[in-house]
Amino acid sequence: MKSLKMILAVAFAAMSFSAMAQVNYDDARYAVWGENAEQRKSNMLANQFLKESVDNKDYKAAAGYLKQLLDQAPKGAQGIYTNGIKLYKTLINTAKTDEQRNVYIDSLLYVYDVRLQAFADHSRYGKAYILDRKAREYLTYKPEDREGVRKIFTEAIAATEAKTGKANQELVAIYFSNLCEDYKNNLVDATIVISEYDRFSPLFEGAEGEAAELKNQFDTAFGASGAASCENLESLFSKKLAEKPEDVALLGQAVSLMSRAQCNSDFFFNTAEKFYSLKPSSETALFLAQGFQGRSEFDKAMKYLNEALAAETDNAERAKLYTRIGLISIQTGDHSNAMNAAKEIKTLEPTNGYAPYIMAQCYAATASGDFSAQAGYWAAYDTMNQAIELLGSEPAIQEAAKKMASAYRGSFPTKEECFFNEVSAGARYTVTKGFASGVSTTVRYR
């Protein structure tokens with residue numbers, strides 16, 4: 001196969017020589033290839049040999065032709081750079097030493113620099129395109145140079161803005177994710193991260209499809225950076241909302257980021273309530289309910305949950321709302337309301353672990369007293385074990401469920417109590433008191 005390629009290469013070269021022999025290299029059209037006819041002919045041939053050498057993996061020859069073209073005919077053709085980039089990326093990936101690899105990386109970046117000088121004004125593959133590609137290559141091959149990464153991405157974004165009137169969303173998302181990582185590693189100040197977030201967030205307004213994924217990447221990076229502290233976020237959004245207090249998109253952005261940061265200031269709650277009043281949703285109601293629950297303002301929490309339930313039709317969202325209602329009701333001692341919420345959850349989502357988790361606590365709440373009431377602990381234990389099996393995706397809640405199940409087991413009736421009530425271990429028993437009334441369970445001794 002290799003010999004066939006060489007034969008074809010020689011054949012094509014012969015054809016090229018024959019065709020080029022007819023060319024008038026003094027014609028002004030060929031001026032980009034050199035200063036005189038002889039140089040132009042040599043460089044045009046070198047351009048053909050460069051491609052053939054790269055295709056045939058003769059990288060030493062290719063490097064020689066590329067150097068000749070970059071020195072003598074940098075404006076000759078875009079193909080010079082396409083092949084030059086292909087050449088050095090291949091050499092980088094096959095380098096045997098770090099020193100060799102670094103030399104090839106520098107050569108690759110140099111190819112982009114020469115291309116920028118030669119074709120910055122190209123209508124399609126000009127400055128914006130070249131800097132975009134260089135920025136991505138820089139991040140791939142020199143990720144340890146954090147300042148260099150930030151610099152080249154800033155230049156690439158600016159070039160795109162200058163050409164199209166707005167920044168490239170993907171380029172911004174990559175840049176901003178790296179900026180946030182630099183903040184986490186104490187390489188940049190929080191004010192820079194917040195300033196860049198403030199600068200670019202309007203770029204993602206109304207994002208849909210792939211753009212929505214980039215927006216999520218952009219917002220998630222900010223939220224996870226640590227720069228998005230409640231104090232910093234309040235400083236950022238208080239100024240913006242003072243100018244646009246009715247801006248729904250801005251309010252939603254503030255609520256989303258501040259809820260991720262687990263803010264609980266009056267500013268956050270006022271902002272969230274304002275957003276909910278303009279755009280009611282289950283998601284915002286849950287934000288508010290969880291926040292007010294944390295502040296022990298249970299009436300407000302239940303208000304938003306019930307309002308959301310009245311309007312929500314999606315079963316999954318309704319299950320989330322009932323879950324929060326059930327948990328708050330347990331916390332406030334309203335076990336009757338908690339039990340009703342648990343039944344609704346079970347109807348909506350039979351495998352939702354929160355239904356048995358809440359039910360078991362209701363059973364246990366009325367299991368104190370005489371033997372028939374204590375039997376409720378058997379039902380509570382069984383039901384909490386169902387919850388444990390279903391709560392695998394909620395490790396913290398699952399761990400709490402295990403502790404409660406252990407406590408219920410420790411509250412089972414004693415062997416003597418069972419004897420006096422004429423029941424023995426392993427027998428079936430139907431609970432007759434409390435919230436577990438009517439539940440069939442198994443007799444076990446404490």
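What follows is calculated from the coordinates using simple rules that are stated; it is not laboratory data. Worth saying up front: this structure is predicted, and the values here are computed from it rather than measured. Cβ atoms come from the backbone with ideal geometry, glycine included; neighbour counts cover every protein chain shown.
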(request) Would you work out if the chain is rounded, prolate or oblate? Take a ≥ b ≥ c from the square roots of the eigenvalues of the alpha-carbon gyration tensor; rounded if a/c is under 1.5, else prolate when a/b is larger than b/c, oblate otherwise. (result) prolate
(message) So if I take the centroid of the Cα atoms in the range 261-288 and the same for the range 114-163, what is the distance between those two points in Å?
(response) 40 Å
(request) Please list, or write none, the aspartates and glutamates whose alpha carbon is within less than 15 Å of the alpha carbon of residue 402, excluding same-chain residues fewer than 8 places away. (result) 382, 389, 394
(request) Return the calculated 222 nm mean residue ellipticity for the chain, to the nearest 500 deg cm²/dmol, obtained by summing -39500 (n - 2.57) across DSSP H runs with n ≥ 4 and dividing by the residue count. (result) -23000 deg cm²/dmol
(message) Full-extension gain between residue 224 and residue 266, please, as 0.36 nm times their residue separation minus the C-alpha to C-alpha distance.
(response) 12.9 nm
(message) Of the candidates 181, 35, 205, which one comes out as most mobile in a Gaussian network treatment of the chain with C-alpha springs shorter than 10 Å?
(response) 35
(message) Between the range 366-408 and the range 415-446, how far is it from one alpha carbon centroid to the other, in angstrom?
(response) 16 Å
(message) Exposed loop sites here are chymotrypsin sites (Phe, Trp or Tyr not before Pro) in DSSP loop states with at most 15 other C-beta atoms within 10 Å. What is the longest stretch of the chain lacking them?
(response) 126-444
(request) Sort the range 74-172 into rounded, prolate or oblate with this rule: let a ≥ b ≥ c be the square roots of the eigenvalues of the Cα gyration tensor; rounded if a/c is under 1.5, and if a/c is not under 1.5, prolate when a/b is larger than b/c, oblate otherwise. (result) oblate
(message) Starting from the 7 Å offset along Cα-to-Cβ, what nm value, one decimal, do you get for the label separation of residue 336 and residue 24?
(response) 10.4 nm
(request) Any chance you could run the full-extension gain for residue 231 through residue 213? It's 0.36 nm times the residue separation minus the Cα-Cα distance, nm to one decimal. (result) 3.8 nm
(message) Checking the a/c ratio against 1.5 first, then a/b against b/c, what shape does the Cα gyration tensor give for the range 268-324?
(response) oblate
(message) Report the Cα centroid-to-centroid distance between the range 57-107 and the range 296-314 in angstrom, as an integer.
(response) 64 Å
(request) Please give the net charge around residue 409, taking every other residue with its beta carbon less than 9 angstrom from that of residue 409, where Lys and Arg add +1 and Asp and Glu add -1. (result) +2
